[in-house]
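The values are calculated or read from the model by the stated rules, or taken from the named source; none is laboratory data. The structure presented is a predicted model; accordingly, all values stated were derived computationally and were not measured. Here Cβ is always computed from backbone atoms with ideal geometry, including for glycine, and neighbour counts include all displayed protein chains. Side chains included, ligands, DNA and RNA excluded: accessible areas come from the protein's heavy atoms. Shrake-Rupley method; radii C 1.70, N 1.55, O 1.52, S 1.80 Å.
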Amino acid sequence: MTIPTLAEFEDAAAVLHGVIAQTPFDVSEYLTGILGAPVYLKLENLQRTGSFKIRGATYRLSRLTEQERARGVVAASAGNHAQGVALAAQKLGIPATIFMPLGVPVPKLLATRGYGAEVVLEGATVETPLRLAAEFAERTGAVLIHPYDHRDVIVGQGTLGLEIADALPEVDTVVVGIGGGGLIAGVAAAVRARAAAAGRSVRIIGVQAENSAAYPASLAAGEPLTVQTSPTIADGIAVARPGDLTFAVIRDVVDEVVTVTEDDIARALLVLLERAKQVVEPAGAVGVAAILAGKITATGPTAVILSGGNIDPLLLQRVVAHGLAASGRYMTLQIPLPDRPGQLARVSELLAVAGANVIEALHTRHGHGLQISEVILQLSVETRGEDHRAQVIAILEDAGFHPRIVQD
(Lines give C-alpha, C1' and ligand atoms only; values in the text may rest on other atoms or scores of the structure.)
Protein backbone atom coordinates (compact mmCIF):
# COMPACT_ATOMS: atom_id res chain seq x y z
CA MET A 1 0.00 0.00 0.00
CA THR A 2 1.26 3.48 -0.86
CA ILE A 3 1.27 6.01 1.96
CA PRO A 4 -1.84 8.24 1.82
CA THR A 5 -1.21 11.79 0.66
CA LEU A 6 -1.88 15.05 2.43
CA ALA A 7 -4.64 15.74 -0.11
CA GLU A 8 -6.40 12.50 0.89
CA PHE A 9 -6.34 13.42 4.56
CA GLU A 10 -7.63 16.91 3.82
CA ASP A 11 -10.47 15.46 1.72
CA ALA A 12 -11.41 13.17 4.60
CA ALA A 13 -11.35 16.09 7.04
CA ALA A 14 -13.77 17.98 4.79
CA VAL A 15 -16.11 14.97 4.67
CA LEU A 16 -16.01 14.59 8.46
CA HIS A 17 -16.55 18.28 9.19
CA GLY A 18 -19.70 18.66 11.25
CA VAL A 19 -19.91 14.91 11.93
CA ILE A 20 -17.04 14.48 14.37
CA ALA A 21 -15.93 16.73 17.20
CA GLN A 22 -12.59 18.52 16.96
CA THR A 23 -11.41 17.32 20.35
CA PRO A 24 -9.38 19.62 22.60
CA PHE A 25 -5.85 19.46 23.96
CA ASP A 26 -4.96 19.58 27.64
CA VAL A 27 -1.48 20.52 28.84
CA SER A 28 -0.30 18.09 31.53
CA GLU A 29 2.11 19.76 33.93
CA TYR A 30 2.50 16.48 35.81
CA LEU A 31 3.58 14.48 32.76
CA THR A 32 5.68 17.41 31.55
CA GLY A 33 7.65 17.17 34.79
CA ILE A 34 8.22 13.45 34.26
CA LEU A 35 9.14 13.63 30.57
CA GLY A 36 11.15 16.84 30.76
CA ALA A 37 9.33 18.24 27.73
CA PRO A 38 5.86 19.80 27.28
CA VAL A 39 3.15 17.13 27.14
CA TYR A 40 -0.16 17.81 25.40
CA LEU A 41 -2.98 15.30 25.82
CA LYS A 42 -5.23 14.98 22.76
CA LEU A 43 -8.60 14.23 24.36
CA GLU A 44 -10.08 11.87 21.81
CA ASN A 45 -11.82 10.15 24.71
CA LEU A 46 -14.26 13.08 24.41
CA GLN A 47 -15.00 12.26 20.76
CA ARG A 48 -18.50 11.25 19.65
CA THR A 49 -19.04 7.56 20.52
CA GLY A 50 -16.16 7.95 22.98
CA SER A 51 -13.28 7.10 20.64
CA PHE A 52 -11.47 7.91 17.40
CA LYS A 53 -13.22 5.04 15.60
CA ILE A 54 -16.02 7.29 14.35
CA ARG A 55 -13.50 9.02 12.05
CA GLY A 56 -12.47 5.99 10.02
CA ALA A 57 -15.93 4.43 10.06
CA THR A 58 -17.65 7.56 8.78
CA TYR A 59 -15.13 8.17 6.00
CA ARG A 60 -15.22 4.52 4.93
CA LEU A 61 -19.02 4.48 4.74
CA SER A 62 -19.16 7.86 3.00
CA ARG A 63 -17.25 6.40 0.06
CA LEU A 64 -19.60 3.46 -0.51
CA THR A 65 -21.57 3.46 -3.75
CA GLU A 66 -25.35 3.75 -3.71
CA GLN A 67 -25.59 0.05 -4.52
CA GLU A 68 -23.30 -0.83 -1.61
CA ARG A 69 -25.24 1.40 0.77
CA ALA A 70 -28.46 -0.31 -0.22
CA ARG A 71 -26.97 -3.69 0.72
CA GLY A 72 -26.08 -2.42 4.19
CA VAL A 73 -22.92 -2.85 6.23
CA VAL A 74 -21.78 -5.42 8.77
CA ALA A 75 -19.01 -5.32 11.36
CA ALA A 76 -17.69 -7.31 14.30
CA SER A 77 -16.43 -5.65 17.44
CA ALA A 78 -16.37 -5.76 21.21
CA GLY A 79 -16.92 -2.04 21.51
CA ASN A 80 -15.48 1.08 19.89
CA HIS A 81 -15.54 -0.04 16.26
CA ALA A 82 -19.14 -1.21 16.75
CA GLN A 83 -20.22 2.19 18.01
CA GLY A 84 -18.36 4.04 15.28
CA VAL A 85 -19.90 1.97 12.49
CA ALA A 86 -23.36 2.13 14.07
CA LEU A 87 -23.39 5.93 14.37
CA ALA A 88 -21.82 6.46 10.93
CA ALA A 89 -24.43 4.18 9.38
CA GLN A 90 -27.23 6.00 11.19
CA LYS A 91 -26.00 9.39 9.94
CA LEU A 92 -25.76 8.13 6.36
CA GLY A 93 -29.02 6.15 6.40
CA ILE A 94 -27.30 2.79 5.88
CA PRO A 95 -28.63 -0.41 7.52
CA ALA A 96 -26.02 -1.81 9.93
CA THR A 97 -25.64 -5.20 11.57
CA ILE A 98 -23.03 -5.57 14.31
CA PHE A 99 -21.87 -8.92 15.72
CA MET A 100 -20.59 -8.68 19.29
CA PRO A 101 -19.41 -11.29 21.84
CA LEU A 102 -21.72 -12.31 24.66
CA GLY A 103 -19.51 -10.75 27.32
CA VAL A 104 -19.43 -7.28 25.77
CA PRO A 105 -19.68 -4.54 28.44
CA VAL A 106 -23.28 -3.42 28.83
CA PRO A 107 -22.58 0.31 28.19
CA LYS A 108 -21.03 -0.52 24.79
CA LEU A 109 -23.88 -2.85 23.89
CA LEU A 110 -26.54 -0.29 24.79
CA ALA A 111 -24.71 2.50 22.96
CA THR A 112 -24.39 0.43 19.77
CA ARG A 113 -28.09 -0.42 19.82
CA GLY A 114 -28.90 3.18 20.66
CA TYR A 115 -27.24 4.28 17.41
CA GLY A 116 -29.74 2.16 15.50
CA ALA A 117 -27.69 -0.91 14.60
CA GLU A 118 -29.04 -4.45 14.78
CA VAL A 119 -26.81 -6.22 17.28
CA VAL A 120 -26.24 -9.98 17.29
CA LEU A 121 -24.61 -11.42 20.41
CA GLU A 122 -22.69 -14.64 19.87
CA GLY A 123 -19.49 -16.25 21.14
CA ALA A 124 -17.24 -15.86 24.16
CA THR A 125 -14.54 -13.85 22.35
CA VAL A 126 -14.45 -11.52 19.35
CA GLU A 127 -13.21 -14.32 17.07
CA THR A 128 -16.73 -15.75 16.77
CA PRO A 129 -18.34 -12.41 15.82
CA LEU A 130 -15.57 -11.87 13.24
CA ARG A 131 -16.38 -15.20 11.61
CA LEU A 132 -20.12 -14.63 11.74
CA ALA A 133 -19.79 -11.13 10.29
CA ALA A 134 -17.78 -12.49 7.34
CA GLU A 135 -20.38 -15.21 6.79
CA PHE A 136 -23.18 -12.65 6.98
CA ALA A 137 -21.46 -10.49 4.37
CA GLU A 138 -21.01 -13.48 2.07
CA ARG A 139 -24.61 -14.56 2.52
CA THR A 140 -26.36 -11.19 2.24
CA GLY A 141 -24.04 -9.01 0.20
CA ALA A 142 -23.60 -6.54 3.06
CA VAL A 143 -20.30 -4.66 2.99
CA LEU A 144 -17.91 -5.88 5.69
CA ILE A 145 -16.31 -2.88 7.44
CA HIS A 146 -12.87 -3.83 8.71
CA PRO A 147 -11.80 -2.04 11.91
CA TYR A 148 -8.38 -0.97 10.60
CA ASP A 149 -7.07 -2.73 7.49
CA HIS A 150 -8.61 -0.57 4.76
CA ARG A 151 -7.21 2.55 3.11
CA ASP A 152 -10.32 4.65 3.72
CA VAL A 153 -10.32 3.70 7.41
CA ILE A 154 -6.64 4.64 7.72
CA VAL A 155 -7.23 7.97 5.97
CA GLY A 156 -10.23 8.72 8.17
CA GLN A 157 -8.26 8.04 11.35
CA GLY A 158 -5.48 10.24 9.96
CA THR A 159 -7.68 13.33 10.28
CA LEU A 160 -6.73 13.18 13.96
CA GLY A 161 -3.14 13.72 12.85
CA LEU A 162 -4.14 16.85 10.92
CA GLU A 163 -5.77 18.25 14.06
CA ILE A 164 -2.57 17.64 16.04
CA ALA A 165 -0.37 19.26 13.39
CA ASP A 166 -2.67 22.27 13.01
CA ALA A 167 -3.13 22.87 16.75
CA LEU A 168 0.53 22.17 17.62
CA PRO A 169 2.60 23.17 14.59
CA GLU A 170 5.72 22.98 16.75
CA VAL A 171 5.04 19.35 17.83
CA ASP A 172 8.23 17.30 18.06
CA THR A 173 6.94 13.85 19.09
CA VAL A 174 3.56 12.12 18.78
CA VAL A 175 2.77 9.08 20.96
CA VAL A 176 0.01 6.74 19.75
CA GLY A 177 -1.35 3.41 20.98
CA ILE A 178 -1.32 0.50 18.53
CA GLY A 179 -3.74 -2.38 18.10
CA GLY A 180 -4.22 -3.38 14.49
CA GLY A 181 -2.52 -0.16 13.46
CA GLY A 182 -5.19 1.93 11.72
CA LEU A 183 -4.88 4.93 14.04
CA ILE A 184 -1.10 5.22 14.13
CA ALA A 185 -0.78 4.55 10.39
CA GLY A 186 -3.15 7.40 9.59
CA VAL A 187 -1.88 9.80 12.25
CA ALA A 188 1.78 9.21 11.44
CA ALA A 189 1.29 9.68 7.69
CA ALA A 190 -0.82 12.82 8.17
CA VAL A 191 1.47 14.46 10.74
CA ARG A 192 4.56 13.73 8.66
CA ALA A 193 2.92 15.08 5.51
CA ARG A 194 1.88 18.31 7.23
CA ALA A 195 5.31 18.70 8.86
CA ALA A 196 7.12 18.03 5.56
CA ALA A 197 5.07 20.77 3.89
CA ALA A 198 6.43 23.14 6.55
CA GLY A 199 9.99 21.86 6.22
CA ARG A 200 9.92 20.06 9.58
CA SER A 201 10.19 16.48 10.85
CA VAL A 202 8.22 14.77 13.64
CA ARG A 203 8.99 11.60 15.60
CA ILE A 204 6.18 9.05 15.86
CA ILE A 205 6.27 6.51 18.70
CA GLY A 206 3.80 3.63 18.94
CA VAL A 207 2.84 1.89 22.18
CA GLN A 208 1.48 -1.63 22.60
CA ALA A 209 0.38 -3.63 25.61
CA GLU A 210 3.18 -6.06 26.47
CA ASN A 211 0.65 -8.91 26.65
CA SER A 212 -0.49 -8.31 23.07
CA ALA A 213 2.43 -6.86 21.16
CA ALA A 214 2.51 -8.06 17.57
CA TYR A 215 4.35 -5.09 16.06
CA PRO A 216 7.85 -5.32 17.63
CA ALA A 217 8.34 -8.88 16.39
CA SER A 218 6.70 -8.15 13.05
CA LEU A 219 8.82 -5.07 12.39
CA ALA A 220 11.95 -7.02 13.29
CA ALA A 221 10.94 -9.76 10.85
CA GLY A 222 9.94 -7.33 8.12
CA GLU A 223 6.47 -8.84 7.74
CA PRO A 224 3.25 -9.22 9.76
CA LEU A 225 3.49 -12.09 12.23
CA THR A 226 0.85 -13.71 14.41
CA VAL A 227 2.03 -13.71 18.03
CA GLN A 228 0.85 -15.49 21.12
CA THR A 229 -1.14 -13.05 23.24
CA SER A 230 -2.10 -13.02 26.90
CA PRO A 231 -5.11 -11.35 28.49
CA THR A 232 -4.76 -7.59 28.87
CA ILE A 233 -6.93 -4.88 30.37
CA ALA A 234 -6.22 -2.94 27.17
CA ASP A 235 -8.61 -5.14 25.20
CA GLY A 236 -9.19 -2.39 22.64
CA ILE A 237 -5.68 -2.94 21.25
CA ALA A 238 -5.43 -6.69 21.82
CA VAL A 239 -4.64 -7.79 18.26
CA ALA A 240 -2.50 -10.86 17.56
CA ARG A 241 -1.46 -9.90 14.01
CA PRO A 242 -0.88 -6.52 12.35
CA GLY A 243 -3.01 -5.60 9.37
CA ASP A 244 -1.30 -6.03 6.02
CA LEU A 245 -2.03 -2.47 4.90
CA THR A 246 -1.36 -0.86 8.25
CA PHE A 247 1.92 -2.72 8.64
CA ALA A 248 3.15 -1.45 5.28
CA VAL A 249 2.53 2.15 6.35
CA ILE A 250 3.82 1.79 9.91
CA ARG A 251 7.04 0.18 8.72
CA ASP A 252 7.81 3.34 6.75
CA VAL A 253 6.49 6.18 8.92
CA VAL A 254 6.75 5.11 12.58
CA ASP A 255 10.09 5.63 14.31
CA GLU A 256 9.75 3.31 17.28
CA VAL A 257 7.34 0.92 19.00
CA VAL A 258 7.54 0.33 22.76
CA THR A 259 5.52 -1.85 25.12
CA VAL A 260 3.96 -1.32 28.56
CA THR A 261 2.89 -3.72 31.29
CA GLU A 262 -0.52 -4.16 32.89
CA ASP A 263 0.73 -2.31 35.99
CA ASP A 264 1.97 0.54 33.80
CA ILE A 265 -1.47 0.87 32.21
CA ALA A 266 -3.28 0.75 35.56
CA ARG A 267 -1.00 3.49 36.93
CA ALA A 268 -1.69 5.61 33.85
CA LEU A 269 -5.45 5.36 34.31
CA LEU A 270 -5.07 6.46 37.91
CA VAL A 271 -2.85 9.40 36.94
CA LEU A 272 -5.32 10.49 34.28
CA LEU A 273 -8.19 10.37 36.77
CA GLU A 274 -6.35 12.22 39.52
CA ARG A 275 -4.17 14.64 37.57
CA ALA A 276 -6.01 15.28 34.30
CA LYS A 277 -9.58 14.56 35.50
CA GLN A 278 -10.07 12.35 32.43
CA VAL A 279 -11.88 9.00 32.26
CA VAL A 280 -9.94 6.92 29.75
CA GLU A 281 -10.17 3.25 28.79
CA PRO A 282 -7.01 1.14 29.20
CA ALA A 283 -6.24 1.02 25.47
CA GLY A 284 -6.50 4.81 25.35
CA ALA A 285 -4.01 5.30 28.19
CA VAL A 286 -1.00 3.34 26.89
CA GLY A 287 0.77 6.48 25.66
CA VAL A 288 0.66 7.97 29.15
CA ALA A 289 1.71 4.59 30.56
CA ALA A 290 4.80 4.68 28.35
CA ILE A 291 5.79 8.11 29.70
CA LEU A 292 5.30 7.00 33.31
CA ALA A 293 7.35 3.86 32.64
CA GLY A 294 10.23 5.85 31.18
CA LYS A 295 9.80 4.36 27.71
CA ILE A 296 9.54 7.72 25.92
CA THR A 297 12.35 10.19 25.34
CA ALA A 298 11.54 13.62 23.93
CA THR A 299 13.11 17.07 23.88
CA GLY A 300 10.29 19.12 22.40
CA PRO A 301 6.49 19.43 22.56
CA THR A 302 4.96 15.96 22.76
CA ALA A 303 1.39 15.04 21.86
CA VAL A 304 -0.13 11.95 23.46
CA ILE A 305 -3.42 10.64 22.09
CA LEU A 306 -6.01 9.47 24.62
CA SER A 307 -7.77 7.41 21.99
CA GLY A 308 -10.90 6.35 23.85
CA GLY A 309 -12.93 6.67 27.03
CA ASN A 310 -15.36 3.76 26.83
CA ILE A 311 -14.54 1.90 30.02
CA ASP A 312 -17.00 -0.31 31.88
CA PRO A 313 -17.55 1.21 35.36
CA LEU A 314 -16.98 -2.20 36.96
CA LEU A 315 -13.66 -2.55 35.16
CA LEU A 316 -12.77 1.01 36.15
CA GLN A 317 -13.34 0.10 39.78
CA ARG A 318 -11.00 -2.90 39.53
CA VAL A 319 -8.39 -1.02 37.53
CA VAL A 320 -8.30 1.87 39.99
CA ALA A 321 -7.69 -0.58 42.84
CA HIS A 322 -4.95 -2.25 40.80
CA GLY A 323 -3.43 1.11 39.93
CA LEU A 324 -3.37 2.12 43.60
CA ALA A 325 -1.62 -1.14 44.46
CA ALA A 326 0.86 -0.73 41.60
CA SER A 327 1.63 2.79 42.87
CA GLY A 328 2.26 1.60 46.42
CA ARG A 329 -0.86 3.31 47.73
CA TYR A 330 -2.96 0.28 48.56
CA MET A 331 -2.20 -3.26 49.66
CA THR A 332 -3.91 -6.29 51.09
CA LEU A 333 -2.00 -8.09 53.84
CA GLN A 334 -2.51 -11.52 55.36
CA ILE A 335 -1.03 -11.81 58.84
CA PRO A 336 -1.02 -15.15 60.73
CA LEU A 337 -1.73 -14.59 64.42
CA PRO A 338 -1.78 -16.78 67.52
CA ASP A 339 -5.37 -17.22 68.69
CA ARG A 340 -5.19 -15.26 71.91
CA PRO A 341 -6.62 -11.93 73.11
CA GLY A 342 -4.93 -8.67 72.20
CA GLN A 343 -3.34 -9.64 68.86
CA LEU A 344 -5.77 -7.67 66.72
CA ALA A 345 -5.40 -4.64 68.98
CA ARG A 346 -1.59 -4.90 68.76
CA VAL A 347 -1.63 -4.94 64.95
CA SER A 348 -4.01 -1.97 64.94
CA GLU A 349 -1.66 -0.02 67.22
CA LEU A 350 1.31 -0.72 64.96
CA LEU A 351 -0.59 0.38 61.85
CA ALA A 352 -1.62 3.57 63.65
CA VAL A 353 2.01 4.26 64.54
CA ALA A 354 2.95 3.67 60.89
CA GLY A 355 0.22 6.06 59.70
CA ALA A 356 -1.51 3.44 57.56
CA ASN A 357 -5.28 3.64 57.13
CA VAL A 358 -7.22 0.36 57.33
CA ILE A 359 -9.91 0.17 54.64
CA GLU A 360 -11.21 -3.33 55.31
CA ALA A 361 -10.47 -6.14 57.79
CA LEU A 362 -11.25 -9.86 57.95
CA HIS A 363 -10.43 -11.93 61.05
CA THR A 364 -11.05 -15.63 60.58
CA ARG A 365 -10.25 -19.00 62.11
CA HIS A 366 -11.41 -20.90 59.02
CA GLY A 367 -9.51 -22.10 55.98
CA HIS A 368 -6.00 -21.15 54.92
CA GLY A 369 -4.60 -24.44 56.32
CA LEU A 370 -4.62 -23.00 59.85
CA GLN A 371 -3.71 -24.88 62.99
CA ILE A 372 -6.34 -24.93 65.73
CA SER A 373 -4.42 -22.27 67.66
CA GLU A 374 -4.04 -19.86 64.73
CA VAL A 375 -6.12 -17.18 63.01
CA ILE A 376 -5.60 -15.13 59.87
CA LEU A 377 -6.00 -11.38 59.85
CA GLN A 378 -6.52 -9.98 56.34
CA LEU A 379 -6.29 -6.21 56.03
CA SER A 380 -6.73 -3.83 53.11
CA VAL A 381 -4.54 -0.85 53.91
CA GLU A 382 -4.11 2.59 52.34
CA THR A 383 -0.49 3.79 52.15
CA ARG A 384 1.28 6.84 50.72
CA GLY A 385 3.59 5.16 48.22
CA GLU A 386 6.28 2.51 47.86
CA ASP A 387 8.47 3.83 50.69
CA HIS A 388 5.57 4.08 53.12
CA ARG A 389 4.35 0.59 52.20
CA ALA A 390 7.80 -0.82 52.91
CA GLN A 391 7.85 1.06 56.21
CA VAL A 392 4.50 -0.42 57.28
CA ILE A 393 5.66 -3.95 56.54
CA ALA A 394 8.97 -3.36 58.34
CA ILE A 395 7.19 -2.11 61.49
CA LEU A 396 5.00 -5.22 61.56
CA GLU A 397 7.98 -7.52 61.00
CA ASP A 398 10.05 -5.79 63.71
CA ALA A 399 7.18 -6.50 66.12
CA GLY A 400 7.39 -10.22 65.33
CA PHE A 401 4.55 -10.52 62.83
CA HIS A 402 4.86 -12.13 59.39
CA PRO A 403 2.73 -10.12 56.95
CA ARG A 404 2.30 -11.33 53.37
CA ILE A 405 1.13 -9.07 50.53
CA VAL A 406 -1.81 -10.61 48.66
CA GLN A 407 -1.56 -9.97 44.93
CA ASP A 408 -4.84 -8.98 43.29
**Prompt:** Using a 1.4 Å probe, how large is the accessible area of Arg241, given in Å² and rounded to the nearest 10?
**Reply:** 90
**Fill in**
Expressed in nanometres to one decimal, the distance between label points 7 Å along Cα→Cβ at Leu110 and His363 is 4.1
**Asked** How large is the dipole of the stretch 103-173 about the Cα centre if only Lys and Arg carry +1 and Asp and Glu carry -1, each at its Cβ, rounded to the nearest 20 debye?
**Response** 400
**Complete:** Dipole check, the chain, charges on Cβ (K,R +1; D,E -1), about Cα centroid: among Pro24, Ala248, Leu92 the Cα furthest to the positive pole belongs to Leu92
**Request:** May I ask you to order 257-264, 181-188, 317-324, 79-86 by the average number of other C-beta atoms within 10 Å around their residues, highest value first?
**Result:** 181-188, 79-86, 257-264, 317-324
**Message:** So if I place +1 on the C-beta of Lys and Arg and -1 on the C-beta of Asp and Glu, and nothing else carries charge, what would the dipole magnitude of the chain be about its Cα centre? I want it in debye, nearest 20.
**Reply:** 560
**Request:** For the stretch 216-249 and the stretch 297-358, compute the distance between their C-alpha centroids and round to whole Å.
**Result:** 32
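So in the chain, what percent of DSSP beta bridges are antiparallel if you round to the nearest 5? Intermediate results must be reported in sequence, preceding the final value.
Details: 23 of 51 bridges.
That works out to approximately 45 percent antiparallel.
Let me have the relative contact order for the stretch 150-264, percent, based on Cα pairs under 8 Å that are six or more residues apart. All intermediate terms of the calculation are to be shown ahead of the outcome.
Values: 210 pairs, mean separation 34.7, N = 115.
After rounding, I find 30 percent.
Probe radius 1.4 Å, ligands and nucleic acids ignored: give me the carbon and sulfur share of the accessible area of the chain as a rounded percent.
Numbers: 9000 of 17400 Å².
Carbon and sulfur together cover 52 percent of it.
Can you order the peptides 150-156, 15-21 by their average number of other Cβ atoms within 10 Å per residue, highest first? Provide the component values of the computation, followed by the final result.
Working: 150-156: 26.3, 15-21: 15.6.
Highest mean packing first, the order is 150-156, 15-21.
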**Asked** Hey, can you rank 31-37, 232-238 by average C-beta count inside 10 Å, highest first?
**Response** 232-238, 31-37
**Request:** Would you mind checking the pairs Lys53/Lys295; Lys53/Lys91; Lys42/Lys108 and listing those with alpha carbons more than 20 angstrom apart?
**Result:** Lys53/Lys295; Lys42/Lys108
**Request:** Rounded to the nearest Å, what's the spacing between the alpha carbon centres of the stretch 166-198 and the stretch 12-91? Just the number, please.
**Result:** 15
**Complete:** Kirkwood Rh for the chain from C-alpha pairs, in Å, is 22.8
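When Lys and Arg each count +1 and Asp and Glu each count -1, what net charge do the other residues less than 13 Å away from Ile393, Cβ to Cβ, add up to?
Working: positive: Arg389, Arg404; negative: Glu386, Asp387, Glu397, Asp398.
Residues near Ile393 contribute -2 overall.
Which of the trypsin sites (Lys or Arg not before Pro) found in the stretch 373-408 are in a DSSP loop and have at most 15 neighbouring Cβ atoms, other than their own, within 10 Å? Please list the in-between numbers first.
On the way: sites: Arg384, Arg389, Arg404; in loops: Arg384.
Of the trypsin sites (Lys or Arg not before Pro), the ones in loops of the stretch 373-408 whose Cβ has at most 15 other Cβ atoms within 10 Å are Arg384.
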**Prompt:** Which ³J(HN,Hα) values in Hz, rounded to whole numbers, follow from the phi angles of the stretch 196-203 under the Karplus curve 6.51 cos²θ - 1.76 cosθ + 1.60, where θ = phi - 60° and Gly and Pro get x?
**Reply:** 4, 5, 9, x, 10, 10, 9, 8
**Complete:** In Å, the Kirkwood hydrodynamic radius from C-alpha pairs for the stretch 217-286 sits at 13.7
**Message:** Give me the percent relative contact order of the chain, please, defined on Cα pairs under 8 angstrom at least 6 residues apart.
**Reply:** 16
**Message:** Per residue, how large is the accessible surface of the chain? Use a 1.4 angstrom probe and give square angstrom.
**Reply:** 43
**Prompt:** About the Cα centre of the stretch 1-133, what is the dipole size in debye to 20, counting +1 per Lys and Arg Cβ and -1 per Asp and Glu Cβ, all else neutral?
**Reply:** 300
**Request:** Would you work out if the stretch 1-126 is rounded, prolate or oblate? Take a ≥ b ≥ c from the square roots of the eigenvalues of the alpha-carbon gyration tensor; rounded if a/c is under 1.5, else prolate when a/b is larger than b/c, oblate otherwise.
**Result:** oblate
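Evaluate the relative contact order of the stretch 273-328 (contact order divided by residue number), counting alpha-carbon pairs under 8 angstrom at least 6 apart; express in whole percent. Working shown, then result.
Working: 27 pairs, mean separation 23.6, N = 56.
After rounding, I find 42 percent.
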**Request:** Quick one: what are the phi-derived ³J(HN,Hα) couplings along the stretch 240-251, Karplus 6.51/-1.76/1.60 with θ = phi - 60°, whole Hz, x for glycine and proline?
**Result:** 7, 9, x, x, 5, 6, 5, 4, 4, 6, 4, 4
